[in-house]
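Okay, here's the structure, questions in a sec.
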Amino acid sequence: MDKIVKKRIKQVIKGDQDAFGEIVEIYKNSVYQLCYRMLGNRHEAEDIAQEAFLRAYVNIRSFNQDLKFSTWLFRIATNLCIDRMRKKKPDYYLDAEVAGTEGLTMYSQISSDSPLPETEVESLELQETVQKEILKLPEKYRAAIVLKYMKDLSLNEISEILDLPLGTVKTRIHRGREALRQQLRYV
Amino acid sequence: MCPEQIVELMHDYLDEEIDPANEKTLRDHLKSCKECEMIFNQLKKTDAFVKGISHMQAPPDFTANVLARLPKEKKKVWMQRWFTNHPMLTAASVFIILMMGSLFSSWSQDQAFSVSKQKNLVVKNNTVIVPKGKTVKGDVVVHNGNVRIEGEVQGDVTVINGEKYLASAGHVTGQIEEVNEVFDWIWYHIKTTAKDVIGIFGQSNAK
């Protein structure tokens with residue numbers, strides 16, 4: 001598939017929009033999913049995912065064709081999501097870091113003591129619960145966790161997407177997972 | 001209190017990045033520590049939950065919406081794609097363009113006055129005169145000039161890019177034709193070519 005993508009990219013650089021349509025078809029689900037997990041809103045997710053493809057199209061000449069296209073595309077999408085998250089940050093800074101902890105926020109402090117109802121959770125409800133908990137993660141853990149649980153992404157790729165050292169990526173995934181564990185342990 | 005590194009090992013395990021020696025350390029510890037075992041099980045459950053929600057599909061019209069937002073495609077590209085998709089039409093249109101080009105260029109080059117050579121034809125100021133009482137034998141063709149027929153022409157008269165005057169006494173046994181527009185001119189060419197071709201076949205049949 002990488003070969004097809006490379007060929008399509010060359011066509012796109014010549015200005016062929018149909019070829020770009022094929023690229024969008026290949027990656028639309030992953031990018032949309034990435035945005036939805038980060039933002040938790042279908043409308044916003046679609047908007048940002050479209051914006052990510054638009055930016056990829058406009059900047060396609062600056063893409064280094066020796067690298068993996070998906071890495072580059074996911075980086076654009078992740079950065080757009082983080083920008084959007086910062087813009088709509090609530091004014092009661094619940095996700096401000098708690099002093100003395102690296103990245104643990106008020107979110108993880110409040111709700112860890114209020115266990116989720118222990119009724120039988122329908123699969124869809126469970127999904128919503130998990131999504132909600134992901135949205136409570138501070139942005140740097142959220143990005144790492146969302147990428148970690150995308151299909152087929154290795155830790156190395158995540159570190160390239162986030163432009164962070166591998167060790168930092170691991171730490172963030174571990175912290176994010178620990179926060180999720182605390183939230184989801186009673187589900 | 002358990003060593004901090006045990007939790008790290010749990011995460012390494014979930015990331016599938018743990019080496020066998022560490023995995024053994026982890027397993028040995030879990031056997032002896034209920035609390036860590038509980039945490040480990042919760043982590044595994046969390047991992048499964050998050051994995052479970054992973055798959056999502058973009059809205060059905062997603063690609064069309066993206067393409068609609070792209071800046072306009074260059075005409076050149078659109079044409080290139082059209083040409084590769086329609087090779088026959090491309091060949092045909094190239095042929096027609098070349099044909100038209102050569103016809104138009106010969107039309108515009110053909111501005112000089114000329115007349116077919118015949119006895120009794122008089123030329124005056126780009127006007128060909130068939131004098132009164134004289135008879136011209138054969139077809140008369142005039143390019144870029146007028147023709148005035150006062151006598152008799154035994155054949156066709158063709159005026160290209162000019163006008164014909166037929167005096168009351170004048171007489172033409174064949175057809176009189178005026179060609180002034182480029183499309184008439186092309187049609188005239190096609191007709192004469194066809195006539196020539198038929199003539200060639202007619203001759204070879206006669207042989």
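The values are calculated or read from the model by the stated rules, or taken from the named source; none is laboratory data. Owing to the predicted nature of the structure, the values given are computational and were not obtained by experimental measurement. Reconstructed Cβ throughout: ideal geometry from the backbone, glycine too, with neighbour counts over all protein chains shown. Heads up: the accessible areas ignore ligands, DNA and RNA and are worked out on the full protein's heavy atoms, side chains in. Shrake-Rupley method; radii C 1.70, N 1.55, O 1.52, S 1.80 Å.
Check region B:20-40 and report whether any residue there is more than 14 Å from every other protein chain (Cβ to nearest Cβ), touching a Cys at 6+ places or on another chain (Cβ under 8 Å) and either without any contact (Cβ under 8 Å) to a residue 12 or more places away in the chain or among the basic types (Lys, Arg) (or both).
yes
Conditions tested, residue by residue: (1) more than 10 Å from chain B (Cβ to nearest Cβ); (2) surrounded by 14 or more Cβ atoms within 10 Å (Cβ to Cβ); (3) outside any loop (DSSP other than H, G, I, E, B).
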| site | (1), (2), (3) |
| --- | --- |
| A:Lys3 | yes, no, yes |
| A:Arg8 | yes, yes, yes |
| A:Lys28 | no, yes, yes |
| A:Val31 | no, yes, yes |
| A:Leu34 | no, yes, yes |
| A:Ala49 | no, yes, yes |
| A:Leu54 | no, yes, yes |
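Separate question: If only one of B:Val141, B:Val128, B:Val136, B:Val123 is assigned to a strand (DSSP E or B) and touching a Ser or Thr at 6+ places or on another chain (Cβ under 8 Å), which one is it?
B:Val141
Failed condition for B:Lys117, given (1) in contact with a strand residue (DSSP E or B) (Cβ under 6 Å, 6 or more places away or on another chain); (2) over 18 Å from B:Ile186 (Cα atoms), with all others met?
That leaves (1) as the condition not met.
Search region A:123-137 for residues that are closer than 17 Å to A:Ala179 by Cα and at pLDDT 90 or above and pair each with any residue that is surrounded by 16 or more Cβ atoms within 10 Å (Cβ to Cβ) and of a type in the set (Gly, Ala, Ser) when their beta-carbon atoms are under 7 Å apart and the residues are at least 6 apart or on different chains.
Cβ pairs passing all conditions: A:Gln131/A:Gly40; A:Leu135/A:Gly40; A:Leu137/A:Gly176; A:Leu137/A:Ala179.
State the number of residues belonging to region B:1-53 that are open to solvent by less than 50 Å² (accessible area, probe 1.4 Å) and touching a Lys or Arg at 6+ places or on another chain (Cβ under 9 Å).
Matching residues across region B:1-53 total 12.
On the given criteria, is B:Phe83 in contact with a Ser or Thr (Cβ under 6 Å, 6 or more places away or on another chain) and either within 30 Å of B:Ile190 (Cα to Cα) or among the aliphatic types (A, V, I, L, M) (or both)?
Details: in contact with a Ser or Thr (Cβ under 6 Å, 6 or more places away or on another chain): yes; either within 30 Å of B:Ile190 (Cα to Cα) or among the aliphatic types (A, V, I, L, M) (or both): yes.
So B:Phe83 fits the description; yes.
Residues that are touching a residue at least 24 places away in the same chain (Cβ under 8 Å) and either among the β-branched types (Val, Ile, Thr) or loosely packed, with under 13 Cβ neighbours inside 10 Å (or both): does region B:73-86 have at least one?
No.
When only residues in region A:164-186 that are among the hydroxyl-bearing types (Ser, Thr, Tyr) and part of a helix (DSSP H, G or I) count, which is surrounded by the fewest Cβ atoms within 10 Å (Cβ to Cβ)? Spell out how you get there, then give the answer.
So the first thing to find is which residues in region A:164-186 are among the hydroxyl-bearing types (Ser, Thr, Tyr), and the list is A:168, A:171, A:186.
Still in the running and part of a helix (DSSP H, G or I): A:168, A:171.
Working: A:Thr168: 13, A:Thr171: 18.
Looking at the filtered set, the residue picked out is A:Thr168.
Any chance region B:50-59 includes a residue that's within 13 Å of chain A (Cβ to nearest Cβ), over 30 Å from A:Val58 (Cα atoms) and among the aliphatic types (A, V, I, L, M)?
Checking region B:50-59: at least one residue is within 13 Å of chain A (Cβ to nearest Cβ), over 30 Å from A:Val58 (Cα atoms) and among the aliphatic types (A, V, I, L, M).
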